[in-house]
Amino acid sequence: MPDNIHTKYLLGEADIPKSWYNIVADMPNPPAPPLHPATKQPVSPGDLAPLFPQALIAQEVSGERQIEIPDPIRQIYTQWRPSPLYRARRLEKVLDTPARIYYKYEGVSPVGSHKLNTAVAQAFYNKEEGVKKLSTETGAGQWGSALALAGSYFNLDVEVFMVKISYQQKPYRKNLMQTYGATVHASPTDLTDAGRSILASDPDSAGSLGLAISEAVEVAGKSGGSIKYALGSVLNHVLLHQTVIGQEAMLQMQQADDYPDVVIGCVGGGSNMAGLAFPFIGATLRGGPKTRFLAVEPSSCPTLTRGLYAYDYGDVVGATPLMRMHTLGHDFMPPSIHAGGLRYHGMSPLISQLYNEGHIEARAYPQNPVFAAAVTFARAEGIVPAPETGHAVRAAIDEALAAREAGEERVILFNLSGHGNFDMAAYDAYFAGRLQDHEHPEQEIAAAQSRLPVVK
Ligand SMILES: *Cc1c(COP(=O)(O)O)cnc(C)c1O
């Protein structure tokens, strides 16, 4: 076989993990508790009951290392899991690097990203507890389409608040959600108090994820229990569900008779990075190999590299519990010139804490170098990465080039969290030279600091 042909590592259905891996069991320090938005005291599981089913609340606060995956969820996982792991031999050749580059490909799910791993689990537990409908937000539309499909699998209605700028720029993702049977609104809407109050002060608001979350949470909170809220990232139980990715990747790296020196993921709320990395981080924390872990974010939304580490709300109006996390401020409005997702003001508290304690590194890139890397990757490997995923591709390529400079072997593993087949408008803007590289202004970080909620 010529050595520029990629190699694919496949597993059988029996290798789909039987449990999710909970990193809390291996973390040196317990996670900082979420606080009630009014009392600023640690939330009790009862406080979360209007929004989430009991089973997910239990997972959110669990310290158990392994949490069993119910059979019906594993059955559905067999549709696209185990996902393939590839060695990117063509890309290695193009880069002329001694590094070995591996990627786990989550774009094989029917919705084209990793998000279905948690959407199916969340829909399952809600259905079991008698919920009729789920409300949620979506930015670029990947999470909304994943939940729409999971809702269809479990006969749950799904109502999606889609950030208005994406609703306008990404009509096909909206159509995909509709195809799966979901109702989709452009957020801000006049259906909620949160939406109406923003529209009153800014009728042309392009929306933000934090605002769409406020709307979706309000709909669930006022429903008296028939509607629950679902979040596609950030929360502990969401990251937990994604750990099927890393557990499979560990088996596949064994097949390849290799082990990563660096594990890379792009981060919006942190779920795909956590999904791939947490099982490997757990191994390192338990005294295993000294692997590096690299989270990659956009310079226009540099939550880890430049954000504050503080208690902040998860949404714009302050309806969610406060979480201790890296944040750009809950009222952050992303620049609408940006092409990709990854524009949430906050970050998973687990990822934030691991970063703060030195177990994870972070790096930020402007979008033009990200698209350049995504195009290099597509020409070598065939798969067109989602713009979000392009950040991980950029970092993987830079690690491979650094290995070449240093003349050293380096084993690189990254998460190809989703394909970009619905994102051709963003590629079009890149090819036309219309993408602007935007750095988050320093004064906005200082201003956000002054608006953080006060916690005693
Ligand atoms: C949603 C999404 C992301 C960012 O979210 P995380 O929770 O950080 O993973 C990254 N890549 C793809 C393809 C996505 O759909």
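Please report how far the C-alpha centroid of segment 255-285 lies from that of segment 103-176, rounded to the nearest whole angstrom.
24 Å
Classify segment 332-427 from the C-alpha gyration tensor, please: rounded if a/c falls under 1.5, else prolate or oblate depending on whether a/b exceeds b/c. Don't skip to the answer; put the middle values down first.
Values: a/c = 1.96, a/b = 1.03, b/c = 1.90.
Since a/c reaches 1.5 but b/c is at least a/b, the shape of segment 332-427 is classed as oblate.
Among the listed pairs 18/133; 40/133; 8/164; 115/222; 170/228; 18/456, give every one whose C-alpha distance is greater than 31 Å.
Working: 18/133 28 Å; 40/133 29 Å; 8/164 39 Å; 115/222 26 Å; 170/228 26 Å; 18/456 42 Å.
Pairs exceeding the cut-off: 8/164; 18/456.
So in the chain, what percent of DSSP beta bridges are antiparallel if you round to the nearest 5? Provide the component values of the computation, followed by the final result.
On the way: 19 of 52 bridges.
Percent antiparallel among DSSP bridges in the chain is about 35.
So, by mean Cβ neighbours within 10 angstrom, what's the order for 98-111, 288-301, 61-74, 400-413 with the highest one leading?
Details: 98-111: 22.5, 288-301: 20.8, 61-74: 14.4, 400-413: 16.6.
For the peptides 98-111, 288-301, 61-74, 400-413, the packing ranking is 98-111, 288-301, 400-413, 61-74.
Only sites in a loop by DSSP and with at most 16 other Cβ atoms within 10 Å count here; which trypsin sites (Lys or Arg not before Pro) in segment 115-184 make the cut?
Details: sites: 115, 127, 132, 133, 164, 173, 174; in loops: 115, 132.
Taking segment 115-184 and a limit of 16 other Cβ atoms within 10 Å, the loop trypsin sites (Lys or Arg not before Pro) found are 132.
Based on alpha-carbon centroids, what's the gap between segment 362-430 and segment 35-70 in Å, whole number please?
Comparing the Cα centres of segment 362-430 and segment 35-70, I get a distance of 35 Å.
By the gyration tensor of its Cα atoms, with a ≥ b ≥ c the square roots of the eigenvalues, what is the shape of segment 174-287: rounded for a/c under 1.5, prolate for a/b over b/c, or oblate?
Working: a/c = 2.71, a/b = 2.59, b/c = 1.05.
Since a/c reaches 1.5 and a/b is larger than b/c, the shape of segment 174-287 is classed as prolate.
Taking a ≥ b ≥ c as the square roots of the eigenvalues of the Cα gyration tensor of the chain, is the shape rounded (a/c under 1.5), prolate (a/b larger than b/c) or oblate? Please report the intermediate quantities before stating the final value.
On the way: a/c = 1.44, a/b = 1.30, b/c = 1.11.
Taking the square roots of the gyration eigenvalues as a ≥ b ≥ c, the chain is rounded.
What percent does the relative contact order of the chain come to when contacts are Cα pairs within less than 8 Å and at least six residues apart? Display every interim value, and only then the final one.
Values: 1017 pairs, mean separation 88.2, N = 456.
Relative contact order of the chain: 19 percent.
Below 12 Å, Cα to Cα, which aspartates and glutamates can residue 290 reach? Residues fewer than 8 away in the same chain don't count.
Partners found: 261.
Probe 1.4 Å, all protein chains in place: accessible area of residue 424 in Å², nearest 10?
Here the residue's solvent-accessible area equals roughly 90 Å².
The values are calculated or read from the model by the stated rules, or taken from the named source; none is laboratory data. It should be emphasised that the depicted structure is a prediction, and the values quoted were computed from it without experimental measurement. Reconstructed Cβ throughout: ideal geometry from the backbone, glycine too, with neighbour counts over all protein chains shown. Heads up: the accessible areas ignore ligands, DNA and RNA and are worked out on the full protein's heavy atoms, side chains in. Shrake-Rupley method; radii C 1.70, N 1.55, O 1.52, S 1.80 Å.
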